[in-house]
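Enquirer: Take a look at the following structure, please.
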Amino acid sequence: MKKKLLYLVILLAAIYGGKYAYDMHINHNFETITEGKVYKSGVIPPDEIEDYVKKYGIKSVIDLRFPGTGDDVNNPEVPAELLAEKEAVSKIEGVTYFNNGSDQVPQKHNLDMFFKIMDNQDNYPVLIHCYHGIGRAEMYSAIYRIEYEGMDRDEARTSTRLLTKWSSFDLGTPKGDFLHTYIGRKDSIK
């Protein structure tokens, strides 16, 4: 019995490890937020981005990265990589590149720029991405769901990932608390 349980644990670990490796290193954490409208990802190498753009009909790329933060874990951006992506996107006809360099928790100017992009229907479908695709891209995806799909802020927060508990979107964390207390534009004018 113990041997069977051990094999099951090893099998589950191999499946999880394989999925993680695929998501992070092959698929670049690419996910559909709203089919045909909004997608999110981590960094897609410049030589691969056109494939994603064509496959999903993407018209706008919102890059949330910016260098020089000193945070090599959450924001390990390199200026040359941002430039390479911008140049790669500029060569794809009909696609616009927006850099909206953001901290893990957005500031007002980041939100203002994000809303300006997302309010323009000509920009859709949109790809929102950061470095890993699991922090800022998920944050802005949750904000999109609140602002444009009318999703409840806690539902948007908890749908950012399979397990929210003990993640950076859990209550008591900066990102989790930001979304939990977020007041959408429609609610702020009441």
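Enquirer: Before I look further, what does the chain give for accessible area per residue, probe 1.4 Å, in whole square angstrom?
Expert: Per residue, the chain has an accessible area of 57 Å².
Enquirer: What's the center-to-center distance, using Cα atoms, between the range 142-178 and the range 63-139 in Å?
Expert: 19 Å
Enquirer: What list of ³J(HN,Hα) couplings, whole Hz, do you get for the range 140-148 from phi and the Karplus terms 6.51, -1.76, 1.60, once you set θ to phi - 60° and write x for glycine and proline?
Expert: Working through the residues one at a time gives 5, 5, 5, 4, 4, 4, 5, 6, 10 Hz.
Enquirer: Here's another thing I want to ask about it. I'd like the Karplus ³J(HN,Hα) series for the range 161-170: coefficients 6.51, -1.76, 1.60, θ = phi - 60°, whole numbers in Hz, and an x wherever there's a Gly or Pro.
Expert: For the range 161-170, the Karplus-derived couplings read 7, 4, 10, 7, 4, 6, 9, 6, 9, 6 Hz, x marking Gly and Pro.
Enquirer: Treat every Asp and Glu Cβ in the range 93-190 as -1 and every Lys and Arg Cβ as +1, leave all other atoms uncharged, and give the resulting dipole magnitude about the Cα centre to the nearest 20 debye.
Expert: 220 debye
Enquirer: Just to be sure I understand: with springs between alpha-carbon atoms less than 10 Å apart, which residue in ASN120, ASN100, ASN29 has the highest mean-square fluctuation in the Gaussian network model of the chain?
Expert: Looking only at ASN120, ASN100, ASN29, the largest GNM fluctuation is found for ASN120.
Enquirer: Roughly what % of DSSP beta bridges within the chain run antiparallel, to the nearest 5?
Expert: Restricted to the chain, the bridges split so that about 20 percent are antiparallel.
Enquirer: Highest mean first, what order results for 127-133, 144-150 on Cβ atoms within 10 Å?
Expert: For the peptides 127-133, 144-150, the packing ranking is 127-133, 144-150.
Enquirer: Let me ask something else. Please report the carbon-and-sulfur percent of the accessible area for the range 82-190; probe 1.4 Å, protein heavy atoms only, DNA, RNA and ligands left out.
Expert: 55 percent
Enquirer: A follow-up question, please. Determine, at each q value in 0.10, 0.12 (inverse angstroms), the log₁₀ of I(q)/I(0) that the Debye formula gives when each Cα of the chain is one equal point scatterer.
Expert: Normalising to I(0) and taking log10 leaves -0.43, -0.61.
Enquirer: Further question on the same structure: Can you give the helix-only mean residue ellipticity at 222 nm for the chain, where every DSSP H stretch with n ≥ 4 adds -39500 (n - 2.57) and the sum goes over all residues, rounded to the nearest 500 deg cm²/dmol?
Expert: -13500 deg cm²/dmol
Enquirer: Using a 1.4 angstrom probe on the protein heavy atoms only, could you order ILE26, ILE143 from most to least accessible area?
Expert: ILE26, ILE143
Enquirer: Amide H of THR96: which non-local residues (sequence gap of 5 or more, or other chain) have their own amide H closer than 5 Å, using H built in the peptide plane?
Expert: Those lying under 5 Å, H to H, from THR96 are SER60, VAL61.
Enquirer: What residue among GLY135, GLY36, GLY57 has the largest mean-square fluctuation in a Gaussian network model of the chain, using Cα springs under 10 Å?
Expert: Of the options given, GLY36 has the highest mean-square fluctuation.
The values are calculated or read from the model by the stated rules, or taken from the named source; none is laboratory data. Computed from a predicted model, the values in this text were never measured in an experiment. Quick reminder, even Gly has a Cβ in these numbers, built from the backbone with ideal geometry, and neighbours come from all protein chains shown. To get the accessible areas, we keep the full protein, side chains included, count just its heavy atoms, and leave off ligands, DNA and RNA. Shrake-Rupley method; radii C 1.70, N 1.55, O 1.52, S 1.80 Å.
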